[in-house]
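The structure under discussion appears below in the form of structure tokens.
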Amino acid sequence: MRILDHARIAELPNPYFGKVRDCYDLPPDADHPEGRRILISSDRISAFDRILAAIPFKGQVLTQVARFWFDHTADICPNHVLSYPDPNVVIGKRLTILPVEVVVRGYLAGTTSTSVLTQYRAGVRQMYGHTLPDGMRDNQALPAAIITPTSKAFDGGHDEPLTADEIVSQGLLTAAQWDEVSAKALALFARGQKMAAERGLILVDTKYEFGTDAAGNILIADEIHTPDSSRYWIASGYEAAFAAGTRPPSFDKDVIRSWVAARCDPYKDAIPEIPADMIEATSRVYIDAFEAITGQVFVPDTSFATPLDRVRANLAPFFTA
């Protein structure tokens, strides 16, 4: 299997290795006084705060889905993108990332402790500065899309729910910054929902990351509307599933997560080896998601002996060591 399980390249400066992306910060130069960031999407898949496996072509899918959406939303919000030197790589502007995680939700859905469905089931009706009506059912459309912001845990701690007033009063953002971020987030989500609907999909919820450049302009960074940052349902199966009280059909990446959780305590135990057929099936899920979201045929890049060889060759112009 062709897998990019890491992109640790000694010749690139200032590395930062995340759960899924391997990043390098290029120093400032005459053309880029703020510097640039290289973001390489590996094929790693993470859950339970750890790496579970590597999925063939996952990194290429994430990079190319984000590219599709950045191209189709630049009129709403500028983004960090400067170039794409490789199918798994984006080079972006260095930004100061805003300390608020911006999640937009269109449905009463989710599984995490901060999701609106989890809180709603617990009897909470006022959350994130919004009041939800009584009598809603799992996976029902919200009266209107809402933003459910959380504090961004840069230190590895837990994200905490926030209201708009708290964001400003705690000094996380100015009132003007939050007004701009929230307006752009809702507009991006509306564009995403409209384009997804045209492709037979429902964009259920998504997470955005915003940052500022040296002039204070707000840009969107990282990724947008990818299968990792967003939940998509398949529209043709939604009504029947909602009527039956079951989860609507989706690009289900939870197959590996569920398999692992059934066999060990994934937060404490060693992760058992995941079967090859499950790895292959998950790769197919990502590829199917790319094709459904973009309307394009996925062409896996098989140039060079390995994906890492290709990434190294395409990033050689940026080597500093």
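For the range 248-290, a residue qualifies if it is assigned to a loop (DSSP other than H, G, I, E, B), aliphatic (A, V, I, L, M) and surrounded by fewer than 14 Cβ atoms within 10 Å (Cβ to Cβ), and the qualifying residues are Ala262, Ala270. Taking the criterion of being surrounded by 18 or more Cβ atoms within 10 Å (Cβ to Cβ) and either over 21 Å from Leu62 (Cβ atoms) or at pLDDT 95 or above (or both), the residues of the range 231-247 that qualify are Tyr232, Trp233, Tyr238, Phe242. Considered as a group, the residues in the range 304-318 that are surrounded by fewer than 17 Cβ atoms within 10 Å (Cβ to Cβ) and out of contact with any Pro (no Cβ under 9 Å at 6 or more places or on another chain) include one that is nearest to Glu11 (Cα to Cα), and that residue is Ala316. Only residues that are touching a strand residue (DSSP E or B) at 6+ places or on another chain (Cβ under 8 Å), within 14 Å of Leu98 (Cα to Cα) and part of a loop (DSSP other than H, G, I, E, B) were counted in the range 171-208, giving 2. In this structure, does Gly211 turn out to be at pLDDT 95 or above, under 30 Å from Arg50 (Cα atoms) and not in a helix (DSSP H, G or I)? Spelling it out, Gly211 is indeed at pLDDT 95 or above, under 30 Å from Arg50 (Cα atoms) and not in a helix (DSSP H, G or I). Scanning the range 20-38 for residues that are surrounded by 13 or more Cβ atoms within 10 Å (Cβ to Cβ) and not small (Gly, Ala, Ser) returns Val20, Arg21, Asp22, Cys23, Tyr24, Asp25, Leu26, His32, Glu34, Arg36, Arg37, Ile38.
The values are calculated or read from the model by the stated rules, or taken from the named source; none is laboratory data. All of these numbers come straight from a predicted model, not from anything done at the bench. Cβ: placed from backbone, ideal geometry, glycine included. Neighbour counts: every protein chain shown.
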